[in-house]
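Below is one structure, written out as structure tokens, with a few remarks after it.
Values in this text are rule-based calculations from the coordinates and carry no lab data. Everything numeric here is computed off the predicted structure, so don't read it as measured data. Here the Cβ positions follow ideal geometry from the backbone for every residue, glycine too, while neighbour counts run over all protein chains shown.
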């Protein structure tokens, strides 16, 4: 009978069910709710191929027939709003200053370097620097970095109306508060910090780090988490914005409560001594196009974090965090997160039980993962 319904009737049925979902949960028994859920799933599987045929139909589907992206829609808009607010209400760090300083760095290292560049954003960079310089809470290291890069930029670029105006404004800021620190400037590859770790040793570390789910009943020291986070902060980040934060919970009872919100932790969340909630900050971006960078940058840093923990004798396990409304609401309430900050993953941390079992988890090989491109 279901499959004889017209597409319009199916759409109407799904829309009505979505509107009445909260009411139905209160009125119907679990068995009836499960039956209704299965019916809706069948309806959805019947019609979504039709809506996948064009961008317009896909947008209609996700605007009116599915609420799966609504939280992201609001989070992105709230992030844009917060970004605009942050341009004037500057605290300890500035996304705009970090981004533009890094853009200047990239211009300074170009081969060959142009005598004139950054005219489009240099004025806003200098004005932002002035606001940060006046802020009592602003990070000194970030100011020193921006000052050194700006000084270098103006010393090597040519003369144009835009650059001369910005240069004059910069010179008027009385930059004697900080001594010039060459360590903050671009440097040659051969001058970088070098490591004696061999490829085999690094490979062994990768093999050593496993997802551990069984831990000793032993507290995780805060200073060790701080050290690991400092090491993780060296991970690459788009325009050096680092749009993520690590919320740490080291109380065993509270760690178990937080961990239980993630899917797939049933049966072992009670023995997790510490947990880190990796949170992405959408206020780092003025437009929607960058909304996924929080996941990329946070994942790069999280992998370095877990490897760092392993070198310190601590084990970890990344906990899956699917985009589900109810768990997100609970986590946001628990951590007091604004709408524009989104949980990305959880990381369980602790001292592993030496006899605790871990999955073998066969990995894909380079033959499977590598796809050679012939252009």
Subtracting the Cα-Cα distance of residue 320 and residue 364 from 0.36 nm times their residue separation yields 13.9 nm
Here FRET efficiency (C-beta to C-beta, residue 330 to residue 109, R₀ 35 Å, nearest 0.05) is 0.15
Quotient of Cα radius of gyration and Kirkwood radius for the stretch 199-350, i.e. Rg/Rh, equals 0.96
Sorted on mean Cβ neighbours within 10 Å (highest first), peptides 227-238, 143-154 come out as 143-154, 227-238
Of the stretch 107-123, those with amide N under 18 Å from the point 7 Å along the Cα→Cβ vector of residue 185 are 107-111, 113-117
Rounded to the nearest 0.05, FRET efficiency between residue 193 and residue 139 (Cβ-Cβ, R0 22 Å) equals 0.50
Full extension between residue 311 and residue 60 adds, at 0.36 nm per residue less the Cα distance, a length in nm of 85.4 nm
Percent relative contact order for the chain, counting Cα pairs under 8 Å at least six residues apart, stands at 19 percent
Counting only backbone N atoms under 14 Å from a point 7 Å out along Cα-to-Cβ of residue 353, the residues of the stretch 262-302 in range are 267-273
For the chain, longest principal axis from Cα atoms; helix 30-51 axis from its Cα atoms; angle between them, nearest 10 degrees, is 60 degrees
Between (1) 24.5, 76; (2) 22.8, 71; (3) 25.6, 80, the structure-derived Rg and Dmax of the Cα atoms in Å is (3)
So the FRET efficiency between residue 38 and residue 240, C-beta based with R0 = 41 Å and rounded to 0.05, is 0.25
